[in-house]
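Okay, structure first, notes after.
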Amino acid sequence: MIKDIVIYPDKRLKTVSKEVVDFDESLHTLLDNMYDTMISKNGVGLAAIQIGVGLRAVIINIPLKDKEKGEDQPKDNTLEIINPVFIEEDGCSKYEEGCLSVPGYYEYIDRYKRVKIEYQDRNGVKHTIEDDDFLSIAIQHEIDHLNGRVFIEKLSILKRKKFEKEWKNRK
Ligand code: CO
């Protein structure tokens, strides 16, 4: 089911989301709703709080690596990440980011180059994943949402001021 997206500066985006303890039907419905909502907006990632649910759950569309191109795109290429924890992070990168909660705004943001996280899937099974490309950036962006942070908070003071002015005046 497609849900409304919480739009900046809605205070709910400052919520520190809670650990998921029940890997039950209601979690699965939440993840399915997040998927429908993300796809409807052509997004590549979404945190539960962006549809108003303060649980540590995010989904990310996994980009295909070069070696996989030429094969059929898997139908459901979406990673479901519950209760993620960083176990390694290093390097630096700058990537242009956007966010469904800040529609139409894109800016280059400094992040770690490579991250490794531990997380659970929708059935509570533990996994680790690491990446040093787009997926790494998406993971960092989405985990920020779980901690009540939106990417524009990482802008320089000047860019942030310019953004806030433009955002207030937008139609
Ligand atoms: Co976002």
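Quick rundown of the values:
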{"item": "Set Glu88, Glu97: member being within 17 Å of Ala138 (Cβ to Cβ), within 15 Å of the ligand (Cβ to nearest atom) and modelled with pLDDT of 95 or more", "result": "Glu97"}
{"item": "Yes/no for Lys14 being charged (D, E, K, R), farther than 19 Å from Gly148 by Cβ and open to solvent by 10 Å² or more (accessible area, probe 1.4 Å)", "result": "no"}
{"item": "Looking only at the range 149-171, and only at residues there that are open to solvent by 10 Å² or more (accessible area, probe 1.4 Å) and within 12 Å of the ligand (Cβ to nearest atom), the one that is farthest from Glu89 (Cα to Cα)", "result": "Glu153"}
{"item": "Cβ-Cβ under 6 Å pairs, at least 6 apart or on other chains, the range 141-170 side more than 30 Å from Val85 (Cβ to Cβ) and at pLDDT 95 or above, far side in a helix (DSSP H, G or I) and more than 16 Å from the ligand (Cβ to nearest atom)", "result": "none"}
{"item": "Matching option when the condition is away from the ligand (no atom under 12 Å from the Cβ), open to solvent by 10 Å² or more (accessible area, probe 1.4 Å), under 21 Å from Ile60 (Cα atoms) and not aliphatic (A, V, I, L, M), among Asp144, Asp131", "result": "Asp131"}
{"item": "Verdict on Tyr108 being touching a Ser or Thr at 6+ places or on another chain (Cβ under 8 Å), aromatic (Phe, Trp, Tyr) and open to solvent by 40 Å² or more (accessible area, probe 1.4 Å)", "result": "no"}
{"item": "Of all residues in the range 40-58 being of a type in the set (A, V, I, L, M, F, W, C) and within 14 Å of the ligand (Cβ to nearest atom), the one that is farthest from Pro103 (Cα to Cα)", "result": "Ala57"}
{"item": "So Ile137, is it within 15 Å of the ligand (Cβ to nearest atom) and touching a helix residue (DSSP H, G or I) at 6+ places or on another chain (Cβ under 6 Å)", "result": "no"}
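The values are calculated or read from the model by the stated rules, or taken from the named source; none is laboratory data. Model, not experiment: these values are computed from the prediction. Ideal geometry is used to build each Cβ from the backbone, glycine not excepted, and the neighbour counts take in all protein chains shown. When the accessible area is computed, the model is the full protein with side chains, heavy atoms only, and any ligands, DNA or RNA have been set aside. Shrake-Rupley method; radii C 1.70, N 1.55, O 1.52, S 1.80 Å.
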